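The values are calculated or read from the model by the stated rules, or taken from the named source; none is laboratory data. Since the structure is predicted, the reported quantities are computational estimates derived from the model, not experimental observations. Reconstructed Cβ throughout: ideal geometry from the backbone, glycine too, with neighbour counts over all protein chains shown.
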Amino acid sequence: MSETADGEVRPRPRTGHPDVDEALRSVEDLGGKDLREHHDLLSGVQDQLAAVLEESRRPPVASIPEGLRPRRAEGAPDPAEPRHG
């Protein structure tokens, strides 16, 4: 639970992403910290959220089990192998 400036108690916001939820929790107590600590704390939260966004831009990688791969013509290159040159 978190308390607003007017004393209202609300449940913590949840995004379903553990790293984002952790970042939100870390700024919950910002008002109780010394002002000199705010920059470092907020900078860390920004880095954490930027990392989550960067990770979300990467396409998911799933390997195809050998038994499910389509058969290829003899001598044809394996599409799972990286190309060189």
Pairs needed: first member in region 33-49, assigned to a helix (DSSP H, G or I); second member anywhere, among the basic types (Lys, Arg); C-beta distance under 8 Å; at least 6 residues apart or different chains.
41/33
When only residues in region 39-75 that are under 22 Å from residue 21 (Cα atoms) and either of a type in the set (Ser, Thr, Tyr) or in contact with a strand residue (DSSP E or B) (Cβ under 8 Å, 6 or more places away or on another chain) (or both) count, which is surrounded by the fewest Cβ atoms within 10 Å (Cβ to Cβ)?
56
Go through region 45-54 and give me each residue that's under 19 Å from residue 13 (Cα atoms) and of a type outside the set (A, V, I, L, M).
46, 48
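Out of region 24-36, which residues are surrounded by 11 or more Cβ atoms within 10 Å (Cβ to Cβ) and farther than 20 Å from residue 14 by Cα? Before you say what the answer is, go through the steps one by one.
The first filter runs over region 24-36 and keeps only residues surrounded by 11 or more Cβ atoms within 10 Å (Cβ to Cβ), leaving 24-28, 30, 33.
The answer is 33, and nothing else.
Quick one: would you say residue 78 is among the acidic types (Asp, Glu), surrounded by 10 or more Cβ atoms within 10 Å (Cβ to Cβ) and modelled with pLDDT under 85? Let's see the steps before the verdict.
Values: among the acidic types (Asp, Glu): yes; surrounded by 10 or more Cβ atoms within 10 Å (Cβ to Cβ): no; modelled with pLDDT under 85: yes.
Answer is no for this residue.
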Take region 9-42 and flag every residue that is under 23 Å from residue 56 (Cβ atoms) and among the basic types (Lys, Arg).
12, 14, 25
The condition of being assigned to a loop (DSSP other than H, G, I, E, B), at pLDDT below 75 and not β-branched (Val, Ile, Thr) holds, among 14, 83, only for 83
